[in-house]
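Following: one structure in C-alpha cells, then a few remarks.
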Amino acid sequence: MNRSERESLLKNFIIFFLLLEILLLFIFFFFYIDKKKDIEKLLLKRMQVCSYTLSCKDFEYDFFPKKERILPNTLYYSKDKIYALFPIPNSKKYYLKISYKNEYLKKDIAKLLWNVTGIFLLATLIIMGLSFLFTLYSLKPIREALHINQEFIKDILHDFNTPISSMVLNLEMLKKDCHSPFIKRIEQSIQTILSLQENLKLFLKNVKSKAEPIDLAKLVAERLDYFRSLYPSLQFELKVKEPLTINAPKDLLLRIIDNILSNACKYNKKRGFVKVTLENNKMIIEDSGKGIKESKKVFDRFYKESDRGIGIGLSIVKKLCDELDIKIDIQSELGKGTKVILKFPRT
C-alpha cells in the first residue's frame, strides 16, 4: 500500500468512524437518561411500598405538613436527600415523608454510568473494527484501478526504451553526417521525452536514495550547461553569493533542479534569461517567462496552464522537497516571469 492509498484509507476510516461514533454517543446518552429515570421511578415505587410497611432500612421517615403546591407520590430533591410524600389515612394535616440520601442515589447512578460506559466502549471497539473493514472494502475497487494504471504506465515506460534508444543511436549517426539545426531540435525533443520518462518513473517508485554531500554551485553549473545546449537563445547566469553544500540524495536533487530549470526554459520568451542565485542557504531560480496565473495550484497533480506537459513536474518537485525537508516557494507575475525559491535545511 503506497502513501496515497494509506492516506485515503486513514481519512475515509476517520470520517466514517467519527460519524458512527457521534451517532452512538447520542444513542447511549439518551439510553443513559432513560435508565436514570427508571432508577428514579423504581425508587418512588419502593417508597410507595415502604409507606405501607415502614420497615425499609434505607429510608428515613417523618411527617410533613400539607401544602397546596406539594403533590404526593412525587419525588423532590433537597440539599442532601431525595424524598416523596404519601397520604396518611384519616390525617388532614400531614403527609408521610420518606427520604433517601442523595449519596445512595449517586452511587446507584454512578453504577449505571459505569455499566453504560463499559457497554459504550465495547460498542466503540466493534464500530472501529467494522469501520476499518468497511473502509478497506469500499477502497478495494479504487486500489485495483490504481494498481492497473500503475502497471500499465510501467509497461509503457518499458516499451519506450527500445524506440528511444533507437532514436538516440540514429541521431548520433546522423550528427556525424549532417549539421542541420533541425537535429538539435530533435535532440531537444528526445531529451524532453527522457525527462518525462524519468518523472513518471519517479512518480511510480517509492525507493529512498542515499544522501551524500553535494556542492550545489557545481551541480547547478553542470545543469545550466546542459540546458544552455538545449536552449541556445536563452541567457543563463549563475551567481554564487555564498557557497552551499548540502547533504541529500543526488538523483532526487537533480530531479528537483531539472524540473524547475526545464519549466523556466520551456515557458520562457525568446532571448529571455534564466538566473540562478545561491545565498543564505537558498537557491533562487528566476526567469523572464510568461508567468503563472494560479501559483498556489502549480503543485497540484496534473494541473497545467498550457497544452505542453502532463502537469506532474512541479507535483513531483513538491513531493521531493517535502521528502528532503526543502521549503519551496513560487512567486510569479503574468507577463514578467517566475521566481522559485528553495530553502535548504541547515547542515
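By what distance, in whole Å, do the Cα atoms of the chain stretch along each of the three principal axes, largest value first?
So the three principal-axis extents are 130, 44, 37 Å.
Placing +1 on the Cβ of each Lys and Arg and -1 on the Cβ of each Asp and Glu in the chain, which of C265, F28, Y52 has its Cα farthest towards the positive end of the resulting dipole?
Farthest along the dipole direction, towards plus: Y52.
Between S138 and K11, what is the label-point separation in nm under the 7 Å Cα-to-beta-carbon projection?
In this crude spin-label approximation the distance works out to 1.3 nm.
Evaluate segment 209-343: find the radius of gyration of its Cα atoms, find its Kirkwood radius, and give the ratio Rg to Rh. Walk me through the intermediate numbers first.
Numbers: Rg = 14.1 Å, Rh = 15.0 Å.
Computed over Cα atoms, the ratio is 0.94.
I'd like to know which of Y83, L113, F227 lies farthest towards the positive end of the charge dipole of the chain, counting +1 on Cβ of Lys and Arg and -1 on Cβ of Asp and Glu.
In the chain, that residue is Y83.
Rounded to the nearest 500, what is the 222 nm mean residue ellipticity of the chain from helices alone, with -39500 (n - 2.57) per DSSP H run of 4+ residues and division by all residues?
So the calculated ellipticity at 222 nm is -20500 deg cm²/dmol.
Once Lys and Arg get +1 and Asp and Glu get -1 on their Cβ, which of M173, T277, L254 lies farthest toward the positive end of the dipole of the chain?
Final value for the positive-end residue is T277.
Using the 2.2 N^0.38 Å rule of thumb for compact globular proteins, work out how segment 14-136 stacks up: its C-alpha Rg over that value, please. Please list the in-between numbers first.
On the way: Rg = 21.1 Å, N = 123, 2.2 N^0.38 = 13.7 Å.
Compactness ratio reported: 1.54.
Taking the chain as a Gaussian network, Cα atoms linked when under 10 Å apart, which of L42, L324, L244 shows the biggest mean-square fluctuation?
Greatest mean-square fluctuation among the candidates belongs to L42.
Of the DSSP beta bridges with both residues in the chain, give the percent that are antiparallel, rounding to the nearest 5. Please report the intermediate quantities before stating the final value.
Working: 39 of 45 bridges.
Rounded to the nearest five, the antiparallel share is 85 percent.
Taking K and R as +1 and D and E as -1, what net charge do the other residues with C-beta under 11 Å from the C-beta of H147 add up to?
Working: positive: K140, R143, K154; negative: E5, E144, E151.
Residues close to H147 contribute a combined charge of 0.
Report the FRET efficiency, 1/(1 + (r/R0)^6), for L238 and C178, where r is their Cβ-Cβ distance and R0 is 30 Å, rounded to 0.05. Don't jump to the answer; show the numbers that get you there.
Values: r = 33 Å, r/R0 = 1.09.
Efficiency for this residue pair is about 0.35.
Could you work out how much longer the chain between V49 and I88 gets when fully extended? Use 0.36 nm per residue separation minus the Cα distance between them, nm to one decimal. Intermediate results must be reported in sequence, preceding the final value.
Working: separation 39, 0.36 × 39 = 14.04 nm, distance 1.35 nm.
So the extension gain works out to 12.7 nm.
Any idea what the dipole of the chain comes to, in debye rounded to 20, about its Cα centre with Lys/Arg Cβ at +1 and Asp/Glu Cβ at -1? Kindly include the intermediate steps, with their values, before the conclusion.
Numbers: 60 positive and 41 negative charges, 296 e Å.
With Lys and Arg at +1 and Asp and Glu at -1, about 1420 debye.
What are the lysines whose alpha-carbon lies under 30 Å from the alpha-carbon of K93, with same-chain residues fewer than 8 places away excluded?
K41, K45, K57, K66, K67, K79, K81, K101
Read-outs throughout are calculated quantities, based only on the coordinates presented, and are distinct from any laboratory measurement. Computed from a predicted structure; not experimentally measured. Cβ atoms come from the backbone with ideal geometry, glycine included; neighbour counts cover every protein chain shown.
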